[in-house]
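To keep things clear, I will list the structure first and then write my remarks on it.
The values are calculated or read from the model by the stated rules, or taken from the named source; none is laboratory data. Computed from a prediction, not measured in an experiment: that's the story for all the values here. Cβ placement follows ideal geometry from the backbone for every residue including glycine, while neighbour counts extend to all protein chains displayed. What goes into the accessible areas is simple: the full protein's heavy atoms, side chains included, and nothing from ligands, DNA or RNA. Shrake-Rupley method; radii C 1.70, N 1.55, O 1.52, S 1.80 Å.
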Amino acid sequence: MEKIVIDLLWLRPGKVGGTESYIRNLLDGFMELKEDFDFTLLVSRDNAETFREYEEDRRYHLLVANVESANIAKRIIWQNLFQNRLLRKHGFGKCFEPVYCKPWLNGGIRYTCVIHDLQALHYPEYHPFHEVAYSRLCWRMDVMNAARMVASSEWVKVDIERKYHRKDIEVIYIPILVTEKDMVDFEELKCRYGIVKKQFFYTVSQMIPHKNLRTIIAVMDKIVHSEYGKYNLPKKLVISGVNGNSAEELKRQIKDRNLQDAVVLTGFISNEERNSLYQNCHTFLFPSVFEGFGMPPIEAMLFGTRVITTRCASIPEVTQGKAVYVDDPYDVDEWIDKVINGVMQGTLDFSAYEPENVSRKYLQFLKEPVWEKTDIMPDDHHKKR
């Protein structure tokens, strides 16, 4: 059986947002399969313990690299200098990169890379220069010499094709794992956040500009301080997610609008807490204007919660046209109109996101024979004959 290594050196637990949920759901989905496989998880000194549980499945193994994920610069240097050598030493020919940051040169390894979005390409102004430059370099090297490529939505595939002109890209959706049994008692959250069941809005989002949180804060301002009392709309908004480069601006906006009692920032929370908030909120608001996939609205819909979101990027695709959509993501009055009058357009077909189904697609794709791309990179010293 062919051994495949899965690179997890990039994962900083609790700090990489949706990509962490994606890979952990995928790994859990593989465990549900009856098919045999031989996966080695390439982990770092400081994230290895969060993956130890997978060793209980005989099909998983751990390989701990002498590097720390938290030190991003050193990790990138180590990967480009030593990762290929380490993989060859342990007999690996294939490596699955769940994100875009593989070593720039193949070094005899056949890489399968996933690109979730080209965010820094579309919004370079929201990122430090070095992040934009690094992301663009990685995307270009992936497109040039990765043996296989996966996009997380049809929208992302088209985006990559348009920018980098590579056509042989497989689309595999992100696995989503949410169950009603994985949920804390809402009474715990009620006291902690000062909320009442079905009387608060909810969103899950990193605090970065294109997530457009400032618009729904403005929505709350108008609901709380304007003439909407007759509609008995919730006067609480709960926002969960890791901080980003808009965090301080959003906190100032909340203070300047006198919304300290109306807007609750939970920071990073557990899946169990998040699921309880999904199920018990009045409406889930997702104002993002750019998503390569967008897990939160799908997760909320799986709990039967009404979702109001935008028509931007991949969001209509992955929500299957079933949510309530605003045409102008920055129009406060349109958001409020949808809160008052918006009706969902049906039930989501969850089978497209079930971890077992998604993981089976990935397994089949990873097991397929692939041509090496080593012939186009000077460091590999192999030429296809």
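The separation of the stretch 1-32 from the stretch 114-154, counted between C-alpha centres, amounts to 19 Å. For residue 171, the amide hydrogen comes within under 5 Å of the amide hydrogens of 151, counting only partners 5 or more places away or on other chains and with H modelled in the peptide plane. Taking a temperature of 37 °C and a viscosity of 0.692 mPa s, what whole-number D in µm²/s does Stokes-Einstein yield for the stretch 39-150 with Rh from Kirkwood over alpha carbon pairs? Calculated translational D: 218 µm²/s.
Rounding to the nearest 10 and keeping the result within 0 to 90°, find how far the Cα-based axis of helix 355-367 lies from the longest principal axis of the chain. The angle comes out at about 20 degrees.
Annotation: amide H-H contacts under 5 Å for residue 94 (H modelled 1.01 Å from N, sequence separation of 5 or more, or interchain): 5, 110.
Treating r as the C-beta distance of residue 123 and residue 34 and R0 as 41 Å, the FRET efficiency rounds to 0.45. Return one number: the angle in degrees, 0 to 90 and rounded to the nearest 10, between the long axis of the Cα atoms of helix 129-145 and the longest principal axis of the Cα atoms of the chain. Relative to the chain, helix 129-145 is tipped by roughly 50 degrees. Among all the lysines, which ones have a C-alpha under 16 Å from residue 190's C-alpha, if same-chain residues fewer than 8 places away are not counted? Answer for residue 190, where 16 Å is the Cα cut-off: 198, 235, 236, listed by chain and number.
Here the chain is assigned +1 on the Cβ of each Lys and Arg and -1 on the Cβ of each Asp and Glu. Its dipole about the Cα centre then comes out at about 800 debye.
Is the shape of the stretch 232-282 rounded, prolate or oblate, going by the alpha carbon gyration tensor and its root eigenvalues a ≥ b ≥ c, with a/c under 1.5 for rounded and a/b larger than b/c for prolate? Cα axes put the stretch 232-282 in the oblate bin.
Please grab the % of Cα pairs in the stretch 36-89 that end up more than 18 Å from each other. In whole percent, the share of Cα-Cα pairs in the stretch 36-89 beyond 18 Å is 36. Residues whose amide H falls under 5 Å from that of residue 342, counting only those 5 or more places apart or on a different chain, are absent, with hydrogens built in the peptide plane.
Quick check: residue separation of residue 218 and residue 191 times 0.36 nm, minus the Cα distance between them. What number comes out in nm? Provide the component values of the computation, followed by the final result.
Details: separation 27, 0.36 × 27 = 9.72 nm, distance 2.54 nm.
Residue separation times 0.36 nm, minus the Cα-Cα distance, leaves 7.2 nm.
For the chain, what % of the accessible area comes from carbon and sulfur atoms, probe 1.4 Å? C and S fraction of accessible area: 50 percent. Per the Debye calculation on the stretch 133-192 with a single equal scatterer at every Cα and no solvent contribution, log₁₀ I(q)/I(0) for q = 0.13, 0.17, 0.24, 0.27 Å⁻¹ amounts to -0.53, -0.64, -1.02, -1.17. Could you tell me the center-to-center distance, by alpha carbons, between the stretch 35-93 and the stretch 214-281 in angstrom? About 39 Å separates the Cα centre of the stretch 35-93 from the one of the stretch 214-281.
Overall, the anisotropy analysis places the stretch 166-240 in the oblate class: the square-rooted eigenvalues a ≥ b ≥ c of its C-alpha gyration tensor yield a/c not less than 1.5, with a/b not exceeding b/c. Based on protein heavy atoms only, the chain ends up with 44 Å² per residue of surface accessible to a 1.4 Å probe.
Applying 1/(1 + (r/R0)^6) with r as the Cβ-Cβ distance of residue 255 and residue 49 and R0 = 45 angstrom yields a FRET efficiency of 0.70.
Anisotropy class assigned to the chain is prolate, per the alpha carbon gyration tensor with a/c at or over the 1.5 cut-off and a/b larger than b/c. One quarter of the convex hull surface built on the alpha carbon atoms of the stretch 195-325 amounts to 7.4 nm², the projected area averaged over directions.
Once you reduce the stretch 332-359 and the stretch 291-324 to the center of their Cα atoms, the two points are 4 Å from each other.
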